[in-house]
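Novice: Provided herewith is a single structure, encoded as structure tokens, for subsequent inquiry.
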Amino acid sequence: MIESIFIGGGFAFAAAVQPGPLQAFLLSRVAQSGWKRTLPASLSPLLSDGPIALLVLFVLKRLPEQMSWVLQVAGGLFLLYLAAATYRQWERQPASAGEEGPAPHTFLQAATVNILNPNPYLGWSLVLGPEVLKAWRHSPICAAALITAFYATMITSLAAIILLFSTTRFLGPRGRRALILVSAAALAGLALYLLAAGISKAVPLVI
């Protein structure tokens, strides 16, 4: 169960603080309407991820169990790519608050921003989906713990980001750069973990 919580929570934190469409929405929404009206948007992944998760799990459930190592290696490579892209973003230094474009104004539109973002599809296909099925084979409680850890961490992190965005003195360019660097490190750590797990499964099959 600890492994499931680690994967779910770690991936959620890295995804939440990584620059993307939803984070841009939150930043500009805070600038327009303040943190109190923006805070409900932290719950938007609960609405947008549902159809994505069901679709991905439906497809993955029909793949042979022997493919699990392939999915783990693919997920590790995907996270490694995200870590490198996030690190490059850190090197460039993100734009300061107020330079983002206009944002949607409702909770449903916030969910639409997220569901049109390719990252949730890739995340569920290459990381969360395979890990949920792996945890389910071990114990349904482990699968529930992984999903709970992911969304609890995601919502908490997004809510914290909203509050930090509203405190310009605390979350200036340096603060955002620090969050991006932490995200890159978390993604790299998870990538190495999944790659090691996938390769360890593949070696006996090859030999």
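Novice: Mind listing just one residue for me: the one in the stretch 164-205 that is among the hydrophobic types (A, V, I, L, M, F, W, C) and in a loop (DSSP other than H, G, I, E, B) and, of those, modelled with the highest pLDDT?
Specialist: Selected residue: 171.
Novice: Looking only at the stretch 127-147, decide whether some residue is surrounded by fewer than 18 Cβ atoms within 10 Å (Cβ to Cβ), at pLDDT 85 or above, out of contact with any Cys (no Cβ under 9 Å at 6 or more places or on another chain) and small (Gly, Ala, Ser).
Specialist: yes
Novice: List the residue pairs whose Cβ atoms are under 6 Å apart, where the first residue sits in the stretch 147-161 and is touching a residue at least 40 places away in the same chain (Cβ under 8 Å) and closer than 9 Å to residue 9 by Cα, the second is among the small types (Gly, Ala, Ser) and surrounded by 17 or more Cβ atoms within 10 Å (Cβ to Cβ), and the two are 6 or more positions apart or on different chains.
Specialist: What qualifies is 149/8; 149/9; 150/8; 150/12; 153/9; 153/12; 154/12; 154/16.
The values are calculated or read from the model by the stated rules, or taken from the named source; none is laboratory data. Just so we're clear, the structure is a prediction, and the values are computed from it rather than from any experiment. Methodologically, a virtual Cβ is constructed for each residue, glycine included, from the backbone with ideal geometry; neighbour enumeration extends over all protein chains shown.
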